[in-house]
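Structure first, then comments.
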Amino acid sequence: MENPSTGADAVVEALRAEGVNTIFGLVGSSTMDLFDKLYDADDIRFVGARDERTGTNMADGYARVSGALGVMIAGQSGPGVTNAVTGVAQAQLAFSPVLVIAGGIMRKHVYADGFQEIDQQRLLEPITKRTYTVPNAGRLIPVLQEAMRHALTGRKGPVVVNVPRDVFAEATDMAGLAAPDAYRLASRPAPDPEALRRAARLLAGAERPVIVAGGGVKDGGRWQETATLAELLGCPVVMSAGHGDAIPSDHPLTGGQFGPRGNPVATAAVQRADVILVLGSRLGFNTTFLSSESVNPDADLIQVDVHTPAIGRYFPVSVGLVGDAPLTAASLSDLLAGHQPGEPVVKWARQFKEDRDRFRFERDETANDSGSPIAPARAFRALRRTLPRDAVVTLDAGTLNRQATDALEYFMPPGLITPLDWGCVGFSFGAGLGAQVAAPDRPVVSLAGDGGFAMTVAELSTAVSEDIPIKVVVLNNHCWGAEKAYQQDFFGGRYIGSDLDNPPFDEVAKLYGAAGYRADDPDTVEDVLRQAFAEDRPTVVDMQISPDALSAFDRGSFSHRT
Ligand SMILES: Cc1ncc(C[n+]2csc(CCOP(=O)(O)OP(=O)(O)O)c2C)c(N)n1
């Protein structure tokens, strides 16, 4: 008689049915039965990470670029799972659909405080959309389907499925195995028609309309619907924090990020608008600091989101629309067909474009600073001039990466992946590796500070052994710059724990078998970047950035000291 199917077979088949062809992870004995099945699964690529945190960041970056589920196996119960916690929390605050399959201890040892036991169910519940513990092999397929539905439906997010190690080995049939259409809705939610008509009337009567595009516009790279609506209304489009790529930067009506993490022109547009259409954004902390200084309190706010509780949560709305952002934009365009922007709107948009063009011109002018080490503005201009148009850029937390978010330009959505509201140092490299696996034909450029890159440098092994031709640009100011800035500005320069001594990252890269470049001359930095971006293998550029250009970002965090 043939061997019966086991829980491990059920996991592989459930993932296969969902269309999963890539899994990130790190082996551990708790999940070895599953790994042994993956050994035979030629249609599924396994990418082994050097740490479960970076592995989860990889699954996150993969999900955000592909629009599909990112899968991570935290192979070992206990420490393997606690290591993944930071990556799971990151995915939660980025609404990224990541499925973590977490190894668990044997069922008969539960609550015995044995080897590597921790209550993984309770540990992960607060930082996931939902956490599950599978009781027996017969429940694996239904629970995985439930988890994948949850991750991918409505506002997306991470789910964890804990599987006790003996459940993988238990015999089961494949009852319930089905294609995704059978367990989750393929279509997107459309808004209420009456509310839509009210929104269209407000937009048609506006004198200073503006569209705010958020992550909901970026999802699936479906930006055209928003651009078409902006063209019909003749109004500016600005972006929420971390989503500056939602509409290509060279679209004539776009103006980059608004708010405290944005630029003054985009910010002024939202401060002065009389009607603000928010498409797929919570207007959360990162974007607005939750302050009415960022969003004109006298404007009519129309907010569109797939997640009902997000509407009107931070700023009062005139009209709330529950629905998919691009679909809603298209419906508004249908309702407004034939609309011609009036004279006030034409003037408003003309002024916006003039201000934006002047801002961009001056931004390039200030980058003429030829000091060495390289001034941040000069580094960003060099990146603007050399980044390929189809690049995906991943960013880290830290002062330089935060400044880079709005200083770079993005032409092919999704083209920017950031830590968003989790602000996690060490995110960029792992996310970039996942993004590169998801988009092998696009150049992926991962920026990081020297602190953030040093946290995750071991993943150079993954890049080399998995042949992932990522380009890393380390903006190296030899310190934990964002924190040193606070010590500089609020603690009288009493620096503690904020300086960093790292080996040259270009040399480190070569030791790992990657290519390495050093850029320390402002006059040749663009040439170095062009050479690096032309490499077809993993490459690290160690760019020497002036340590004197520190700027404290969230001054409000130290309002108690001013
Ligand atoms: C995991 C994690 N640890 C610590 C912090 C606090 N933190 C925020 S920014 C920062 C400094 C980052 O330094 P670096 O990566 O070198 O970038 P820079 O600020 O110098 O541009 C630190 C330590 C954090 N956000 N995340």
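The values are calculated or read from the model by the stated rules, or taken from the named source; none is laboratory data. Every value quoted in this text rests on a predicted model; they were computed, and no experiment measured them. Every residue, glycine among them, receives a Cβ derived from its backbone with ideal geometry; neighbour counts consider all protein chains shown. What goes into the accessible areas is simple: the full protein's heavy atoms, side chains included, and nothing from ligands, DNA or RNA. Shrake-Rupley method; radii C 1.70, N 1.55, O 1.52, S 1.80 Å.
Miscellaneous remarks
- Debye-formula intensities of the chain, expressed as log10 I(q)/I(0) at q = 0.07, 0.10 Å⁻¹, are -0.42, -0.85 (one equal scatterer per alpha-carbon, no solvent).
- Taken over the C-alpha atoms, the stretch 113-169 has Rg and Dmax values of 12.2, 39 angstrom.
- Compactness relative to 2.2 N^0.38 Å, alpha carbon Rg of the stretch 210-269: 0.98
- Over the residues of the chain, the helix contribution to mean residue ellipticity at 222 nm works out to -11500 deg cm²/dmol, using -39500 (n - 2.57) for each DSSP H run of at least 4.
- Computed from the Cβ-Cβ distance with R0 of 25 Å, the FRET efficiency linking V346 to D250 stands at 0.75.
- For the stretch 452-562, a simple Cβ point-charge model (Lys and Arg +1, Asp and Glu -1, everything else neutral) yields a dipole of about 460 debye relative to the Cα centre.
- Taking the protein heavy atoms of the chain in the context of the full set of protein chains, the accessible area attributed to carbon and sulfur is 50 percent at 1.4 Å.
- Once the Cα gyration tensor of the stretch 69-174 is diagonalised, semi-axes √(5λ) in Å: 22, 17, 10
- Straight-line cross-link reach from K218 at under 14 Å between alpha-carbon atoms covers these aspartates and glutamates, not counting any fewer than eight positions away in the same chain: D245, D305, D324.
- Alpha-carbon spread of the stretch 225-348, three principal axes, descending order, Å: 37, 30, 28
- For the stretch 137-214, the C-alpha radius of gyration sits at 1.84 times the compact-globule guess of 2.2 N^0.38 Å, with N the residue count.
- Packing order of peptides 297-309, 52-64, highest average first: 52-64, 297-309 (average count of other Cβ atoms within 10 Å over each peptide's residues).
- With the simple model of a label 7 Å out from the Cα in the direction of the Cβ, D441 to N502 spans 3.3 nm.
- Kirkwood hydrodynamic radius (C-alpha pairs) into Stokes-Einstein, the stretch 354-405, 25 °C and 0.890 mPa s, D in µm²/s: 200 µm²/s
- Computed on the chain, with alpha-carbon pairs under 8 angstrom and 6+ residues apart, the relative contact order is 13 percent.
- For peptides 386-394, 37-45, sequence by mean Cβ density within 10 Å, most packed first: 386-394, 37-45
- Solvent-accessible surface of the chain, averaged per residue with a 1.4 angstrom probe and all protein chains in place: 39 square angstrom.
- Each peptide in 499-510, 65-76 receives the mean, over its residues, of other Cβ atoms within 10 Å, and ordering these scores from highest gives 65-76, 499-510.
- Partner aspartates and glutamates for K484 [C-alpha distance under 16 Å; skip if fewer than 8 residues away on the same chain]: D450, D499, D501, D548, D554
- All Cα-Cα separations within the stretch 322-475 were binned at 5 Å from zero, giving a P(r) of 2, 8, 14, 15, 15, 14, 11, 9, 6, 3, 2, 0, each value a whole percent of the pairs.
- Cα-based Kirkwood hydrodynamic radius, the stretch 452-516, one decimal, Å: 13.4 Å
- Centre separation in Å (Cα based) which lies between the stretch 370-394 and the stretch 453-473: 20 Å
- Cα→Cβ-extended label distance, 7 Å offset, between S187 and R561, nm: 5.6 nm
- With contacts taken as Cα pairs under 8 Å at a separation of at least 6 residues, the stretch 210-348 carries a relative contact order of 26 percent.
- Semi-axes of the equivalent ellipsoid of the stretch 135-280 are 43, 18, 12 Å, computed as sqrt(5λ) over the eigenvalues of the C-alpha gyration tensor in descending order.
- Fully extending the segment from H339 to R122 would add 72.8 nm, taking 0.36 nm per residue of separation and subtracting the current Cα-Cα distance.
- Binned Cα-Cα distances of the stretch 476-562, short to long, each 5 Å bin given as a whole percent: 3, 13, 18, 17, 14, 12, 10, 8, 4, 1, 0
- Converting the Cα gyration tensor eigenvalues of the stretch 426-484 into ellipsoid dimensions via √(5λ) gives semi-axes, longest first, of 22, 11, 8 Å.
- Taking 7 Å steps out from each Cα toward its Cβ at F361 and R45 produces label points 4.6 nm apart.
- Straight-line cross-link reach from K108 at under 25 Å between alpha-carbon atoms covers these lysines, not counting any fewer than eight positions away in the same chain: K37.
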